[in-house]
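Chemist: Take this structure first; my questions come after.
The values are calculated or read from the model by the stated rules, or taken from the named source; none is laboratory data. In this text, all values refer to a predicted model and were calculated from it rather than measured experimentally. Methodologically, a virtual Cβ is constructed for each residue, glycine included, from the backbone with ideal geometry; neighbour enumeration extends over all protein chains shown.
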Amino acid sequence: MSAAKTLPVLTTALLLLAACATDPLRTPAPIATSVAMHCGQQPVVLKFSGDELLVQMGENRWQMEAAISASGARYQAADDETSWLWTKGNTATLVLDGQSWPQCLEPGALEKPFEARGNEPFWHLAADNGILTLTRPGAIEPQPQTYQTGTEEGDVVLNTEDNSLTVRITDAVCRDTMSGMPYPRTVSLEKGSERLEGCGGSPQQLLQGSDWQVVDLDGDTIAPSPDLTLRFDTEGRVSGRAACNRYMGDYSLTGEGLTIKQVATTKMACDAAAMAREQRFLALLAEIDRFDVDDNGELRLIAADKTVIQARLPWAADSDSI
């Protein structure tokens, strides 16, 4: 064999040996490509080129370089330790300027771990790392099963190896039949002749990741603007602008609903109309007991079964004048 032919073969062998080593490896450099993801409600574009990555979020950009990673692919901003991205398959963990974003997903990807549930009869499903577990009250101890993932007519389909259980997951808002809590996925299970319906994913994915612009306060239409907003972060805090001042508080999302408490504001003074709107907005926040997201993607904050605040994502608000 000639030296020209031997060199590529040797190089490939050395790369394979390196892949089997136990020490962390530098992130492999992919060919130039662009990947669209959603981190909660926030769209993100990742542009890979060799060892470099450009993270694009709206008008903001972060330049990153391949870094050491024990698994997956990790990128770090060269001059900022508080900004990095770690991809694993079709999901990613993203931290920008020290702020953690919701789990980022490519189109068709599932949250990890993925959970679903249903009522009457009650059931719970967990899928993680190739293992599927179905739990039902009164049934025998659940036996975890391996599964394969596929797609069919735009849905994600999970099939156990013995074909005893098929799970179809549709990217459409589902509401719990008892609590009314919205979930980002509609789920159906087929086990033999039995079919079960329920909801999947995390309700947080519907709230987090972007600034919502308020378009209605208790029936009064408002032109969307960055002066009246809500942002739900991954640490249980809600913040934004309240017509005049900035505000921050705590939110709690449980199986029963959504509550917002301990809201504090800055102390700027504005014109009388802005101050009146601010006080009204803050008073309504304190009354919230649950939320919903309608078919148009609008957020509805509900108090005593009445929608008291409606909000849109900025790109939706920009595309439709009020």
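Chemist: Please enumerate the residues belonging to the stretch 115-141 that are more than 24 Å from the chain's Cα centre (by Cα), free of Cβ contacts under 8 Å to residues at least 40 places away in the same chain and closer than 16 Å to Glu190 by Cα.
Modeler: Listed by number, the residues that qualify are Phe122, Thr135, Arg136.
Here's the yes/no breakdown for (1) surrounded by 19 or more Cβ atoms within 10 Å (Cβ to Cβ); (2) free of Cβ contacts under 8 Å to residues at least 40 places away in the same chain; (3) more than 30 Å from Ile288 (Cβ to Cβ); (4) not assigned by TED's automatic domain parsing to the domain that holds Gly40:
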{"residue": "Gly150", "(1), (2), (3), (4)": "no, yes, yes, yes"}
{"residue": "Leu158", "(1), (2), (3), (4)": "yes, yes, yes, yes"}
{"residue": "Asn163", "(1), (2), (3), (4)": "no, yes, yes, yes"}
{"residue": "Val167", "(1), (2), (3), (4)": "yes, no, yes, yes"}
{"residue": "Met178", "(1), (2), (3), (4)": "no, no, no, yes"}
{"residue": "Pro184", "(1), (2), (3), (4)": "yes, yes, no, yes"}
{"residue": "Ser188", "(1), (2), (3), (4)": "no, yes, yes, yes"}
{"residue": "Ser193", "(1), (2), (3), (4)": "no, yes, yes, yes"}
{"residue": "Glu197", "(1), (2), (3), (4)": "no, no, no, yes"}
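Chemist: Any chance the stretch 195-204 includes a residue that's touching a Pro at 6+ places or on another chain (Cβ under 9 Å) and among the hydroxyl-bearing types (Ser, Thr, Tyr)?
Modeler: The answer is yes; a qualifying residue exists.
Chemist: Gln310 is checked against (1) in contact (Cβ under 8 Å) with a residue 12 or more places away in the chain; (2) farther than 16 Å from Pro182 by Cβ; (3) surrounded by 13 or more Cβ atoms within 10 Å (Cβ to Cβ); (4) polar (S, T, N, Q) and fails just one. What number does that condition carry?
Modeler: It is condition (2) that Gln310 fails.
Chemist: Considering only residues that are touching a residue at least 60 places away in the same chain (Cβ under 8 Å) and assigned to a loop (DSSP other than H, G, I, E, B), which ones fall in the stretch 83-107?
Modeler: Trp101, Pro102, Gln103, Glu106, Pro107 - these are the residues of the stretch 83-107 that are touching a residue at least 60 places away in the same chain (Cβ under 8 Å) and assigned to a loop (DSSP other than H, G, I, E, B).
Chemist: Quick check on Cys174: is it in contact with a Ser or Thr (Cβ under 7 Å, 6 or more places away or on another chain), surrounded by 20 or more Cβ atoms within 10 Å (Cβ to Cβ) and closer than 26 Å to Asp289 by Cβ?
Modeler: In short, yes.
Chemist: May I pose another question? Of the residues Thr229, Thr177, Thr186, Thr146, which single one is more than 25 Å from Trp101 (Cα to Cα) and part of a strand (DSSP E or B)? Show your work before the answer.
Modeler: Details: Thr229 fails: more than 25 Å from Trp101 (Cα to Cα); Thr177 fails: part of a strand (DSSP E or B); Thr186 fails: more than 25 Å from Trp101 (Cα to Cα).
The conditions single out Thr146.
Chemist: Might you check whether a residue that is touching a residue at least 60 places away in the same chain (Cβ under 8 Å), surrounded by 17 or more Cβ atoms within 10 Å (Cβ to Cβ) and not assigned by TED's automatic domain parsing to the domain that holds Gly180 occurs anywhere in the stretch 264-277? Full working, then the answer.
Modeler: To start, the set of residues in the stretch 264-277 that are touching a residue at least 60 places away in the same chain (Cβ under 8 Å) comprises 277.
Narrowing the set further to residues that are surrounded by 17 or more Cβ atoms within 10 Å (Cβ to Cβ) leaves 277.
Add one more test, that the residue is not assigned by TED's automatic domain parsing to the domain that holds Gly180, and what stays is 277.
Within the stretch 264-277 (the criterion being touching a residue at least 60 places away in the same chain (Cβ under 8 Å), surrounded by 17 or more Cβ atoms within 10 Å (Cβ to Cβ) and not assigned by TED's automatic domain parsing to the domain that holds Gly180), the answer is yes, since at least one residue qualifies.
Chemist: Follow-up. With respect to the numbered conditions (1) free of Cβ contacts under 8 Å to residues at least 24 places away in the same chain; (2) outside any strand (DSSP E or B), which one is the sole condition not fulfilled by Ser202?
Modeler: (1)
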